[in-house]
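The values are calculated or read from the model by the stated rules, or taken from the named source; none is laboratory data. Quick caveat: nothing in here was measured; it's all calculated off a predicted structure. Every residue, glycine as well, gets a Cβ built from its backbone with ideal geometry; the counts of neighbours run over all protein chains shown. Keep in mind that these areas ignore ligands, DNA and RNA; they rest on the heavy atoms of the full protein, side chains included. Shrake-Rupley method; radii C 1.70, N 1.55, O 1.52, S 1.80 Å.
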Amino acid sequence: MKYSKEIFDILSKGSFISMNSVSQANRAYFDQIEDDFESYREYYEGIGFVLESGNGYFYFSRHEQRVNAVDKLLRFCDWIDRLDFLKTFNSAFGSGFVFTKAKILERISCDMELKDKAVKLYADKKVFADVIDRLTDDLMKAGFVELENDLEGLYKVTSAFHYLDELVNCLNIVEGAENEIP
């Protein structure tokens, strides 16, 4: 299997491999997995990872104990806030969307709702530019965005962003149970 080490190095860090990646190598990895998904799935399953397929992306999951699942749910709450912020910035924010940090900062300066959401994203960040830097870094580390043009500071949202959209769409909010975690 071609690229099994490179694919593992990306996915084992919790990142995604997307079909619309800016990186030619990542697109090649995506194509390789897509062409031989079952072989890759069986290979990684042998070392405790489950290769999952989404809408234009691949990622690893693992069977976890309940304690780890609760921790994971708490971390996902942070991603819900980030997603809410990004969709408030632009409702079209999703796979293929291109943005700059400067454009987000410009919108924060004139949109009170966006400003309020930005303040709540990272408690340790007091300057909006630092908040956007950290948000962009988190999105890049997860594989949800990639730097498309360094000179212009353009970022492209990858297909992996569907993962966040799909998870949020699966949530059922029960009234009166806002602060309860099972």
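Do the conditions hold for E52, that is, is it outside any loop (DSSP other than H, G, I, E, B), open to solvent by 70 Å² or more (accessible area, probe 1.4 Å) and either at negative phi or among the aliphatic types (A, V, I, L, M) (or both)?
no
Sub-7 Å Cβ pairs linking a first residue in region 90-118 that is surrounded by 12 or more Cβ atoms within 10 Å (Cβ to Cβ) to a second residue that is of a type in the set (K, R) and assigned to a helix (DSSP H, G or I), at least 6 apart or interchain, are F93/K87; I108/K115; L114/R107, ordered by first then second residue. Annotation: R62 fulfils all but one of (1) touching a residue at least 40 places away in the same chain (Cβ under 8 Å); (2) open to solvent by 60 Å² or more (accessible area, probe 1.4 Å); (3) over 16 Å from H162 (Cα atoms); the unmet one is (1).
Being under 15 Å from G143 (Cα atoms) and either touching a residue at least 12 places away in the same chain (Cβ under 8 Å) or in contact with a strand residue (DSSP E or B) (Cβ under 7 Å, 6 or more places away or on another chain) (or both) holds for only one residue in S15, S39, and it is S15. One residue stands out in region 140-174 among those that are open to solvent by 60 Å² or more (accessible area, probe 1.4 Å) and among the β-branched types (V, I, T): the one that is nearest to R75 (Cα to Cα), namely I173.
In region 123-141, is there at least one residue being under 30 Å from L51 (Cβ atoms) and in contact with a Ser or Thr (Cβ under 8 Å, 6 or more places away or on another chain)? Within region 123-141, one or more residues are under 30 Å from L51 (Cβ atoms) and in contact with a Ser or Thr (Cβ under 8 Å, 6 or more places away or on another chain).
Screening W79 on (1) surrounded by fewer than 16 Cβ atoms within 10 Å (Cβ to Cβ); (2) at pLDDT below 95 shows it passes everything except condition (1). Q32 meets each of the listed conditions (1) open to solvent by 30 Å² or more (accessible area, probe 1.4 Å); (2) modelled with pLDDT under 95 apart from (2).
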